[in-house]
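See below for the structure under consideration.
The values are calculated or read from the model by the stated rules, or taken from the named source; none is laboratory data. None of these values were measured; they are calculated from a predicted model. Ideal geometry is used to build each Cβ from the backbone, glycine not excepted, and the neighbour counts take in all protein chains shown. The protein model used for the area step is the full one, side chains on, heavy atoms only, and it has no ligands, DNA or RNA in it. Shrake-Rupley method; radii C 1.70, N 1.55, O 1.52, S 1.80 Å.
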Amino acid sequence: GNIALPGRVEREKFRVYQSIADVMVTPEIDSIYNNLGAPLKLFECLASGIPTIATKIESHIPIVRDRINGYFVESQNPASIAEGIQRVLNDEKASGIGKNGRALMVANYSWKRFSQTAVDAFKTILNN
C-alpha cells in the first residue's frame with residue numbers, strides 16, 4: 001500500500017486526504033496548549049469512522065479507549081507511531097473500532113450536544 005505523510009494539511013484539503021485514508025493519526029504532543037481540551041483534529045478523525053491512532057496525552061485519555069474506539073501510541077515516539085500504524089493495518093477489528101469511534105462522537109461530542117450543554121449552562125447561570 002501507499003503511505004502519505006503530508007505534514008500539516010490545510011483545512012480545505014483535509015477531507016480529500018481523509019476520504020482515501022485507511023488510518024488516521026493524531027500525533028499531538030503533551031503540552032499545556034493540547035491539554036486545555038482535546039484537539040479538534042481528534043474529534044474529526046474519530047467522527048470519520050476511520051480507525052484512529054492518537055498519542056496518549058492527558059487530553060486524549062478521557063476520549064480514546066485503546067482498541068475499543070481508537071488506538072493509543074506514545075507521544076513524540078516515531079517508532080511507537082509506526083508500530084501503531086502496523087497494528088491497525090493488521091487488525092481484523094480495525095473497521096469496527098473505527099465505527100465505535102464514530103458512534104462515540106455522534107453520541108457524546110456532536111455540535112448539537114455541545115450547543116445543548118452551553119444552553120443548559122447559560123440557563124443555570126441565569127436562573128441562579
_Going through ILE81, ILE53 one at a time, which residue ends up being out of contact with any helix residue (DSSP H, G or I) (no Cβ under 7 Å at 6 or more places or on another chain), closer than 21 Å to ALA94 by Cα and surrounded by 15 or more Cβ atoms within 10 Å (Cβ to Cβ)?_
ILE81
*region 97-112: number of residues that are surrounded by 13 or more Cβ atoms within 10 Å (Cβ to Cβ), without any contact (Cβ under 8 Å) to a residue 60 or more places away in the chain and assigned to a helix (DSSP H, G or I)*: 9
*asked:* I'd like to check something: does region 23-31 contain any residue that is open to solvent by 30 Å² or more (accessible area, probe 1.4 Å), touching a His at 6+ places or on another chain (Cβ under 9 Å) and not basic (Lys, Arg)?
replied: yes
*Could we say that SER115 is touching an Asp or Glu at 6+ places or on another chain (Cβ under 9 Å), over 24 Å from GLU12 (Cβ atoms), without any contact (Cβ under 8 Å) to a residue 40 or more places away in the chain and not in a loop (DSSP other than H, G, I, E, B) here?*
no
_Need pairs with beta-carbon distance below 7 Å; first residue free of Cβ contacts under 8 Å to residues at least 60 places away in the same chain and within 15 Å of THR52 (Cβ to Cβ) and within region 70-93, second open to solvent by less than 30 Å² (accessible area, probe 1.4 Å) and in a helix (DSSP H, G or I); sequence gap 6+ or separate chains._
GLY70/LEU46; GLY70/ILE97; GLY70/GLY101; TYR71/GLY84; TYR71/VAL88; VAL73/SER80; VAL73/GLY84
*Could you pull out every one of the helices (runs of 4 or more DSSP H) wholly within region 4-75 that has 1 or more residues that are more than 11 Å from the chain's Cα centre (by Cα)?*
11-19, 32-35
*asked:* Consider region 56-69. How many of its residues are at negative phi and either crowded, with 17+ Cβ neighbours inside 10 Å or basic (Lys, Arg) (or both)?
replied: 8
*asked:* Every residue in region 86-96 that is part of a helix (DSSP H, G or I) and in contact with a Phe, Trp or Tyr (Cβ under 9 Å, 6 or more places away or on another chain), please.
replied: ARG87, VAL88, ALA94
